[in-house]
1. B:LEU43: net charge of surrounding residues, Cβ under 10 Å, Lys/Arg +1, Asp/Glu -1, itself excluded?
2. Arrange B:LEU116, B:LEU77 by Cβ neighbour counts within 10 Å, fewest through most, would you?
3. Tally Lys and Arg at +1 and Asp and Glu at -1 over the other residues with C-beta under 15 Å from the C-beta of A:PRO10: what net charge comes out?
4. Express as a percent, rounded to the nearest 5, the fraction of DSSP beta bridges in the protein assembly as shown (both residues included) that run antiparallel.
5. Just to confirm a number: summing +1 for Lys and Arg and -1 for Asp and Glu over residues other than A:LYS60 whose beta-carbon lies under 11 angstrom from that of A:LYS60, what do you get?
6. Just subtract the alpha-carbon distance of A:ALA17 and A:THR5 from 0.36 nm times their residue separation and send over the number in nm, one decimal.
7. Taking the Cα centre of the protein assembly as shown as origin, sum charge times position over the Cβ atoms of Lys and Arg (+1) and Asp and Glu (-1), and report the length of that vector in debye to the nearest 20.
8. Based on alpha-carbon atoms only, what is the radius of gyration of the protein assembly as shown relative to the globular estimate 2.2 N^0.38 Å?
Amino acid sequence: GNSVTQMEGPVTLSEEAFLTINCTYTATGYPSLFWYVQYPGEGLQLLLKATKADDKGSNKGFEATYRKETTSFHLEKGSVQVSDSAVYFCALSSGGSNYKLTFGKGTLLTVNP
Amino acid sequence: NAGVMQNPRHLVRRRGQEARLRCSPMKGHSHVYWYRQLPEEGLKFMVYLQKENIIDESGMPKERFSAEFPKEGPSILRIQQVVRGDSAAYFCASSPYSSGKNNEQFFGPGTRLTVL
């Protein structure tokens, strides 16, 4: 079956530091990969996605590249801001039931001024 | 354009009571999904509904849990005779389509159920 493993948190960084949150997956077929972000008190929002190998998703300074050879989709940002403090979820969908998202456990990021 | 609405945001029930969680999808969305997040776990798919139809309930426990999405009104996730293990955050999502490039799911803020 499908599964997603992401970096355990919490992660605490200073403003302008470099961010990496690791994500690896196991899936049948050719999954689509996603990063969602959840700000305090809000629902999950799609941050970025990639639908095929070597695609790079990017949004708001965040990037992630779909690496089929390493089954990874690591999230990166060159310079984090306090407003990036949130929980980040890696997810995938695949196969005939591609509406069914499989999530990692989430990584809490706290950015201090 | 209002987002996905869920209510209540917090729900406390005693063991054996019923819990009803409501979800109003975004305007124009006819596909609704429910996910559950147990403590220290990721979100797990429960059920996918279209108006008046359950399309996939493979992630929903066979007993005590039911879901509906009537022609009029919100989608309802119903848990009968709740037990402590039902304590979790329940998230609803909606989408305009179920597949293809424009099938992004938009999530509500969740309902946090606590069973005493």
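1. Around B:LEU43, the charge tally is +2.
2. If I rank by nearby Cβ atoms, fewest first, I get B:LEU116, B:LEU77.
3. Taking every Cβ under 15 Å from that of A:PRO10, the sum is -2.
4. 90
5. Result for the neighbourhood of A:LYS60: -1.
6. Extra length available between A:ALA17 and A:THR5 comes to 2.0 nm.
7. That gives a dipole near 740 debye.
8. The value comes to 1.02.
FYI, it's all coordinate maths here, none of it is from the lab. For clarity, every value in this text was computed on a predicted model and none was experimentally measured. Note that each Cβ is placed from the backbone with ideal geometry, even for glycine, and that neighbours are counted across all protein chains shown.
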